[in-house]
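Bear in mind these aren't lab numbers, they're just calculated from the coordinates by the rules spelled out. Here the structure is a predicted model, which means the values were calculated and not measured. Here the Cβ is made from the backbone with ideal geometry for all residues, glycine too, and neighbour counts use every protein chain on show.
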Amino acid sequence: SELIRGFLLSGMPCPSSCPPGLLALMAPGLALMATFSLPSQAGDRRALPVEKTSGVRGRTLILLDVNTKSPVRIISENFLSLQLDPSIIHDGWLDFLSSRRLVTLARGLAPAFLRFAGKRTDFLQFHNVKNPAKSRGGPGPDYYLKNYEDDIVRSDIALDKQKGCKIAQHPDIMLELQREKAAQMHLVLLKEQFSNTYSNLTLTARSLDKLYNFADCSGLHLIFALNALRRNPNNSWNSSNALSLLKYSASKKYNISWELGNEPNNYRTLMGRSVNGSQLGKDYVQLRSLLQLIRTYSKANLYGPNIGRPRKNVIALLEGFMKVAGSTVDAVTWQHYYIDGRVAKVTDFLKTRLLDTLSDQIRKIQKVVNEYTPGKKIWLEGVGATSAGGMNNLSDSYAAGFLWLNTLGLLASQGIDVVVRHSFLDHGHNHLVDQNFNPLPDYWLSLLYKRLIGPKVLAIHVAGLQRKPRPGRVIRDKLRIYAHCTSYHNHNYVRGSITLYIINLHRSRKKIKLAGTLRDKIVHQYLLQPYGKDGLHSKLVQLNGQPLAMVDDGTLPELKPRPLRAGRTLVIPPLTMSFYVVKNVNALACRYR
């Protein structure tokens, strides 16, 4: 096989037991995801990596080749997309979406969808007024509110004078006041979330303008989730408020796609009565009819039903929905959180069985969708490392990146068309950007993904060699390897190049030898590691040893690769994530769009 020839040509010494042992190890052949490990030891329980170069670990080599003839999956150009939670209305951050720094950060992740939805979707009321300053409430003494509100009004007036993309430069004192307000509101929002009792939110016309301006300026396509909990006495959907919002958006010629509701499986808890799948399907058919009556949205996309984790009752809801509205939606959506943010530990992010929980959910969703509408696209929306808004120093740390990058690789390899990250800004600690508008580790990981990864997914061939085989002791799940065609938007690489991305959950380094079509090619390394003394808890990262930070409010840093000589073995440090662009492969699968 190509792998055996690649191994023999690599010049590595072969033990006497090599032929049968090697053939046995190479037998598995084709895999979309490669996962390799060695026997766990007591030292593996340590929280920080300890690199070992001796023993079986140091002598383990992975041989890797990629099928370059044709892709096994083709995902959306907007595969990695973003979400904003409606709580930004409550705590005031929506007024700051026009910040040049935020727009710059969002532009870095374009093209993408921007989904405006979350727990408070079904408590959102649209109110067509232009000046919300007089009616906006909030914490703090009168002088604090007056100064703050006056600043917001002045900022709005300045924005109104701009044409096209509207960008604001907010004074530092204004941002500091906003952070104080948000900190106080955060306690209120947390109380609502833990008690599962939410207050109504008002979205004004001006707020919608600001939201759309942010999406449009950033090169993102807005998806707006309408309130599904406005119900008539017969439990059918009351569309009157939604119609008001649709008419206003149409009058502004806003290019928006639509959804209805968020996690309908939780409605009994929220409103005391449930909405079954059949009724929800009828509601979506009603919304589709409404959109067709409005010229601007007669061909708009509609996504749903955005169910929660596919347990037995949720699957029943999805089945009822698909029977009625499977052909009505353009993609079927669900959401997933890995851990309860209130009890998460850093070691949770390193557990391979946690990383694999998503696979079972994908299979359950695909089974239902393919039964009713074969070939219908499936999206994972609202995904985050942890629920309950995340946990400080964990879900916004480097360690959370293992879950995020594995989620991207796993979903792409299994044909999920889009994944929507919850949240871009200000949702507990699951966000990509903090309240100082500084990018967090998962932002940099997402930026690298956007710059290097194209929509074509490739199959990989892998084989592992141990000099002293220990039957039954190899656990193939701590080294995860995915392959795609390199992004066509990256002009540093010619078409036909391939990008590998690798997660090493071992506490020792791993070596990978490129074989077959990848052998003797120049490789560019993008190694992402934590920066500073906090290790896996760090909120700062370094790329190939250089700390990553914005150059200024309008400029992202250059992501410089480390060139590796042709034929060099890839050495993957312990507990790291990395990308490798294999140049000039001239892969047939990657030459054309």
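Quick one: what does P(r) look like for region 440-593 with 10 Å bins over all Cα pairs, in whole %?
Taking every Cα pair in region 440-593, the percentages come to 10, 38, 34, 16, 2, 0.
Using only alpha carbon positions, build the gyration tensor of region 188-260, then give the equivalent ellipsoid semi-axes as the square roots of 5 times its eigenvalues, largest first, whole angstrom.
For region 188-260, the ellipsoid semi-axes come out as 24, 19, 11 Å.
Take each of the peptides 220-227, 413-420, average the number of other beta-carbon atoms within 10 Å over its residues, and list them starting from the highest.
Ranking, from highest mean packing down: 220-227, 413-420.
Simple spin-label model, 7 Å along Cα-to-Cβ: THR202 to ALA316 in nm?
Reported label-point gap for THR202 and ALA316 is 4.0 nm.
Rg/Rh for region 250-386 to two decimals, with Rh computed the Kirkwood way over all alpha-carbon pairs.
We get a ratio of 1.02 for region 250-386.
At a Förster distance of 22 Å, what's the computed FRET efficiency of LYS367 paired with LYS345, Cβ-Cβ distance as r, to 0.05?
Between LYS367 and LYS345 the formula returns 0.10.
List, in order, the whole-Hz ³J(HN,Hα) value for each residue of region 119-128 obtained from phi through the Karplus relation with A = 6.51, B = -1.76, C = 1.60 and θ = phi - 60°; use x for Gly and Pro.
Result, ordered by residue: 4, 8, 3, 8, 10, 9, 10, 8, 10, 7 Hz.
Enter the per residue convex hull volume of region 217-321, computed from alpha-carbon coordinates, in Å³ rounded to the nearest integer.
Cα convex hull per residue, to the nearest whole number: 112 Å³.
³J(HN,Hα) across region 301-315 via Karplus (A = 6.51, B = -1.76, C = 1.60, θ = phi - 60°), whole Hz, x for Gly/Pro?
Each residue of region 301-315 in turn: 7, 10, 10, x, x, 6, 6, x, 3, x, 7, 4, 5, 6, 4 Hz.
Give the distance, in whole Å, between the Cα centre of region 212-289 and the Cα centre of region 310-329.
Value for the Cα centre distance between the two parts: 17 Å.
Based on the alpha carbon coordinates of region 284-331, what radius of gyration and maximum Cα-Cα distance (Dmax) apply, in Å?
According to the Cα coordinates of region 284-331, Rg and Dmax are 12.4, 40 Å.
Kindly write out, for region 488-494 in residue order, the coupling ³J(HN,Hα) from the Karplus curve 6.51 cos²θ - 1.76 cosθ + 1.60 (θ = phi - 60°), rounded to whole Hz, with x marking Gly and Pro.
5, 7, 8, 7, 7, 10, 6
Could you rank the peptides 570-580, 556-566 by their average count of other C-beta atoms within 10 Å per residue, with the highest value first?
570-580, 556-566
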